[in-house]
1. Looking only at region 132-158, filter to residues that are closer than 15 Å to HIS109 by Cα and charged (D, E, K, R); which one of those is farthest from the ligand (Cβ to nearest atom)?
2. Output the residues belonging to region 202-218 that are under 24 Å from ILE85 (Cα atoms), within 16 Å of the ligand (Cβ to nearest atom) and of a type outside the set (S, T, N, Q).
3. Answer yes or no as to whether VAL318 is in a loop (DSSP other than H, G, I, E, B), surrounded by 18 or more Cβ atoms within 10 Å (Cβ to Cβ) and not small (Gly, Ala, Ser).
4. What residue, among those in region 194-245 that are assigned by TED's automatic domain parsing to the domain that holds ALA66 and among the basic types (Lys, Arg), is nearest to the chain's Cα centre (by Cα)?
5. Quick check: is even one residue across region 243-258 under 23 Å from THR177 (Cβ atoms) and not hydrophobic (A, V, I, L, M, F, W, C)?
6. Of everything in region 159-182 that's of a type in the set (A, V, I, L, M) and either in contact (Cβ under 8 Å) with a residue 24 or more places away in the chain or within 12 Å of the ligand (Cβ to nearest atom) (or both), which residue is surrounded by the fewest Cβ atoms within 10 Å (Cβ to Cβ)?
7. Would you pick out the residues in region 265-280 that are surrounded by fewer than 18 Cβ atoms within 10 Å (Cβ to Cβ) and either of a type in the set (A, V, I, L, M, F, W, C) or assigned to a strand (DSSP E or B) (or both)?
8. State which residue pairs qualify: first residue at pLDDT below 95 and among the small types (Gly, Ala, Ser) and inside region 22-51, second residue within 13 Å of the ligand (Cβ to nearest atom) and assigned to a helix (DSSP H, G or I) in any location, beta carbons under 8 Å apart, and separation of 6 or more residues or different chains.
Amino acid sequence: MELMAGPPYRTWVEVSRARIVENYRRVRAVVGAPVEVMAVVKADAYGHGAVEVSRLLESEGARWLAVSNVEEGAALRRAGVRARILVMADCLPSEHEGLAQYALTPVVHSLEDLAGLESFAEARPAGLAYHLKLDTGMGRLGTRAPAEEIVAAIRRCRRLQFEGLTTHFASSADYSTAQTDRQIEVFEEVLEALRRAGTEPRWIHLSSTNPVAYGRRRAWGNLVRAGHSLYGYVSPAKGSAPARTLEVKPALAWKARILAVKKLPAGTRVGYGGTFRAERPTTIAILAAGYADGVPHRMGNRGKVIAGGQLVPVIGAVSMDLTTIDITDVPDLAPGDAVTLLGQEGNVELNAQQVARWAGTISYTVLCAISPRVPRVYV
Ligand SMILES: *Cc1c(COP(=O)(O)O)cnc(C)c1O
């Protein structure tokens with residue numbers, strides 16, 4: 001491993017701390033002081049590095065972080081992160097011990113699970129706070145129990161502390177449907193029932209990035225869960241959306257070095273399956289990154305990278321460790337030079353949403369797919 005320790009890397013990601021801080025500040029400015037911003041750092045902070053991002057935002061004043069599972073939360077605690085950590089994507093009973101050990105706060109998704117967690121908490125000296133998630137129409141995790149049953153189940157818990165009521169939207173950037181409004185109504189009905197019963201959750205949270213970015217205030221509660229926007233992205237809206245009030249910029253650039261440059265005569269085929277045939281004498285560069293690093297396989301013969309300040313096409317199939325590009329029209333590139341898979345060179349920019357269009361996927365997966373074998377450098 002020693003040999004691998006330092007630069008120059010074959011391929012690497014540069015994460016701009018200043019950009020993440022700026023994006024976080026912008027989210028906070030949009031929702032205003034009464035609304036807390038929970039920084040979503042699941043999936044290694046969407047590939048940006050959960051420990052780094054958490055430390056950074058904690059020092060910016062973030063009081064809440066969100067992860068998917070106990071393991072992710074434990075890794076942050078082991079790195080010294082002190083902020084509250086919400087575990088969003090459910091727990092198996094075998095993970096309850098980890099919740100307590102690492103002072104993590106679970107989202108509970110059914111009344112049965114709530115009773116199970118209460119039994120676990122009864123056997124422990126300290127109490128445990130939890131947030132309850134409603135399935136208001138997403139049709140995934142969350143309870144669909146009637147309001148009265150929810151109220152009764154919360155009241156039955158003596159050891160657990162009910163701290164938050166939450167839900168998640170299925171179509172938050174889609175203004176051509178009323179699905180989000182209906183979800184908000186279902187949520188408010190349960191919240192009202194709780195209030196009538198004298199129970200006010202400390203935290204009320206429904207929104208991820210999109211309802212913040214498009215100003216859906218009714219869904220902000222007093223806490224919003226921002227992920228994508230911290231990393232510089234907002235999903236494009238469908239239908240007639242209000243103007244976006246949040247401007248953020250990508251925080252991550254991805255580079256790969258050229259391993260070799262070659263001239264191929266017209267007629268030569270390139271890569272697995274020979275799916276590209278050079279129609280002209282072609283200069284190719286072979287890059288030190290492939291699908292095992294996270295380059296989408298679907299970029300083959302479709303995607304582009306920035307080389308020498310210009311967008312150039314990916315040719316042939318993307319392979320596991322290598323990607324080939326056509327640099328016939330870009331003079332002066334040599335082995336060892338870096339090209340940009342995501343990021344900016346001069347005026348030319350390539351972001352995860354553009355790559356996602358070429359790859360037939362969404363920007364989230366482009367970011368999450370950048371593999372752990374690609375070193376992250378913080379600038
Ligand atoms: C991932 C996630 C978020 C963050 O969503 P973004 O669109 O990235 O802001 C919020 N809430 C839940 C439940 C999530 O799973």
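1. Of everything passing the filter in region 132-158, GLU149 is farthest from the ligand (Cβ to nearest atom).
2. TRP203, ILE204, HIS205, LEU206, PRO211, VAL212, ALA213
3. yes
4. Only one residue tops the list, namely ARG225.
5. So the first thing to find is which residues in region 243-258 are under 23 Å from THR177 (Cβ atoms), and the list is 243-246.
Checking which are not hydrophobic (A, V, I, L, M, F, W, C) leaves us with 244-245.
Yes.
6. Restricting attention to region 159-182, the residues satisfying the condition of being of a type in the set (A, V, I, L, M) are 160, 165, 170, 173, 178.
Narrowing the set further to residues that are either in contact (Cβ under 8 Å) with a residue 24 or more places away in the chain or within 12 Å of the ligand (Cβ to nearest atom) (or both) leaves 160, 165, 170, 173.
Working: LEU160: 22, LEU165: 24, ALA170: 14, ALA173: 20.
Here the answer is ALA170.
7. Pass one, region 265-280, residues surrounded by fewer than 18 Cβ atoms within 10 Å (Cβ to Cβ): 265-269, 272-275, 277, 279-280.
Result: ALA266, ARG269, ARG277.
8. none
The values are calculated or read from the model by the stated rules, or taken from the named source; none is laboratory data. The structure presented is a predicted model; accordingly, all values stated were derived computationally and were not measured. With ideal geometry, Cβ positions are generated from the backbone for all residues, glycine too; neighbour counts draw on all protein chains shown.
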